[in-house]
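The values are calculated or read from the model by the stated rules, or taken from the named source; none is laboratory data. The shown structure was predicted, so the numbers you read here are calculated from the model rather than taken from an experiment. All Cβ positions, glycine included, derive from the backbone under ideal geometry; neighbour counts span all protein chains shown. We work out accessible area using only protein heavy atoms, side chains counted, and drop any ligands, DNA or RNA first. Shrake-Rupley method; radii C 1.70, N 1.55, O 1.52, S 1.80 Å.
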Amino acid sequence: MIVYLMGLLFLAVLAVQDIKEKKVSIYKLFISAAMAVVYWFFKGEVSWKELLCGAIPGIMLLLLSVITKENIGYGDGLTVIVLGLWTGIWFTFYVLCVGLMLSGFCAAVYLIKKKRETIPLIPFLLIGMEVVLIYA
């Protein structure tokens, strides 16, 4: 359960920064990634292969960042990589799917209202993680 609490705390801290500044701190990402690796190393329950597989959803999001010329920010992809280090591939994949769906609904509202603003993804990932924790 501690990994999910750490994931929630990680996303909550970055969501506030993403909303206010439209960017995330690489320092916070690095610290959280290091904490996840140390946690799993001392726990001894997860192999390096499983730990690296947890990063796959974030790597896919980083590739989308490159393809879309950073319409999806690099920080979002790096955030999902770190979340994957904490929670594993499938949980992270579910959180990403829910977060992308919720941000898509918000984007549709923005299109209807003809607003041209960027939408921070990390708050939707935080909500997505809460949804997955409650319903999955």
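Structural remarks
- Segment 18-43, subset hydroxyl-bearing (Ser, Thr, Tyr) and in contact (Cβ under 8 Å) with a residue 24 or more places away in the chain, residue least open to solvent (accessible area, probe 1.4 Å): 32
- Hits in segment 1-17 - residues which are open to solvent by less than 80 Å² (accessible area, probe 1.4 Å) and within 13 Å of the chain's Cα centre (by Cα): 4, 6, 7, 8, 10, 11, 12, 13, 14, 15
- Qualifying positions in segment 89-118 - surrounded by 17 or more Cβ atoms within 10 Å (Cβ to Cβ) and either in a loop (DSSP other than H, G, I, E, B) or aromatic (Phe, Trp, Tyr) (or both): 91, 93, 94
- Some residue of segment 29-39 being at pLDDT 95 or above and of a type in the set (Ser, Thr, Tyr): yes
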